[in-house]
Amino acid sequence: MSKRTLALVAATIVSIIYGMTFTIAKDVMPNYVQAYGFIIMRVGGTAILFWLVWFFTRTSKNIPNEKIDPVDYPRIFWAAFFGVALNMLAFFKGLSLTSPISASVLMVSTPIIVLVLSAIILKERMQKRMIFGIILGLIGTAFLILYGKSVGNASNASLGNFLVFINATSYGLYLVIVKKLMDKYNAFTFVKWIYSIGFIMVLPFGWSQFQVVDWASMPMDIYWKIGFVVVFSTFFTYLLNLLSMRELKPTTIAVFVYLQPFFATVFAISLGKDELTLVKIISAILIFTGVYLVTQKK
């Protein structure tokens, strides 16, 4: 199996885990942990895990003991800001103000944003095949999200939609910024700093919510679900995405966002919380066709 194929498999696994996370995290928030308090757990727990991995692997022959060039410190700071702090804070706050349906539709604009940013910043060529694949994926995902669901209540839809769009743009900028770090360093050299800086950034927003968590009355299954979100949905997926970036362009990584609603639907169907319909099947075909067109080299 080639390195590119392994990278595509890793990106698919990330989408599967994110798809499961929508259902799992919903059981935790807001009944047991408020959104910003949960961000503290995710970012803080993941920072600890990356420091532990770095500590136990720094003597490995396969992982070089690199030093970060001072010129790259600003890039690491902005990667932490866009990839961790602004990304998570804007999404959770935006989701609380707008409807889930609107947030989901706006999130799938990420690949298009990344395509434009990559063309501007990384000077990547916008191939017709990739543009067509992204549009197909966008149509398929929109059908999957929109069909059979009501818009629901939104306390401040305009501000909420704006914040979710900021989240999508923030993640797109992060993918472009971190690509240059991946080309220069091993992932473990800088990722621990990204999450440590990100933790400091989110701390003022979520500390008060984290302090009021009632750990004593929390059921054991909620502990397991928090652990799943920290270890798999944050640490493991972040690591897989970074490893995928060694072989794939930011545009290719971003298009896997389209798979997340699909896998979320599959997971919900498997739990008996959703049912398979013709629209879902057609949407899946459009999404996979779009991903296929974007991920092919020629």
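The values are calculated or read from the model by the stated rules, or taken from the named source; none is laboratory data. The structure displayed is predicted, hence computed values, not measured ones. Glycine also receives a Cβ, built like all others from the backbone with ideal geometry; neighbour counts cover every protein chain displayed. We work out accessible area using only protein heavy atoms, side chains counted, and drop any ligands, DNA or RNA first. Shrake-Rupley method; radii C 1.70, N 1.55, O 1.52, S 1.80 Å.
Phe205 falls short of the stated requirement of being more than 30 Å from Ile139 (Cβ to Cβ) and surrounded by 21 or more Cβ atoms within 10 Å (Cβ to Cβ).
Checked against the criterion of being surrounded by fewer than 17 Cβ atoms within 10 Å (Cβ to Cβ) and either of a type in the set (Phe, Trp, Tyr) or modelled with pLDDT of 75 or more (or both), the range 164-172 has no qualifying residue. The set of residues in the range 191-222 being more than 22 Å from the chain's Cα centre (by Cα) and of a type in the set (Ser, Thr, Tyr) consists of Ser208, Ser217. A residue that is open to solvent by 10 Å² or more (accessible area, probe 1.4 Å), of a type in the set (Val, Ile, Thr) and touching a Ser or Thr at 6+ places or on another chain (Cβ under 9 Å) cannot be found anywhere in the range 25-44. Give me the pairs: first residue in the range 2-27 and over 14 Å from Ala264 (Cα atoms), second residue surrounded by fewer than 14 Cβ atoms within 10 Å (Cβ to Cβ) and not hydroxyl-bearing (Ser, Thr, Tyr), beta-carbon distance under 9 Å, and six or more apart or on different chains, which are they? Short answer, once both residue conditions are applied: Arg4/Lys297; Val9/Met1; Asp27/Asp221. Can we say Gly198 is open to solvent by less than 70 Å² (accessible area, probe 1.4 Å) and without any contact (Cβ under 8 Å) to a residue 40 or more places away in the chain? So Gly198 does not fit the description; no. Residues that are surrounded by 20 or more Cβ atoms within 10 Å (Cβ to Cβ), in contact (Cβ under 8 Å) with a residue 60 or more places away in the chain and under 22 Å from Gly137 (Cα atoms) do occur in the range 220-239.
Please find, within the range 1-28, the residue that is farthest from Asn241 (Cα to Cα) out of those that are modelled with pLDDT under 80 and over 18 Å from the mean Cα position of the chain (by Cα). Step by step, filter the range 1-28, then rank; the result is Asp27.
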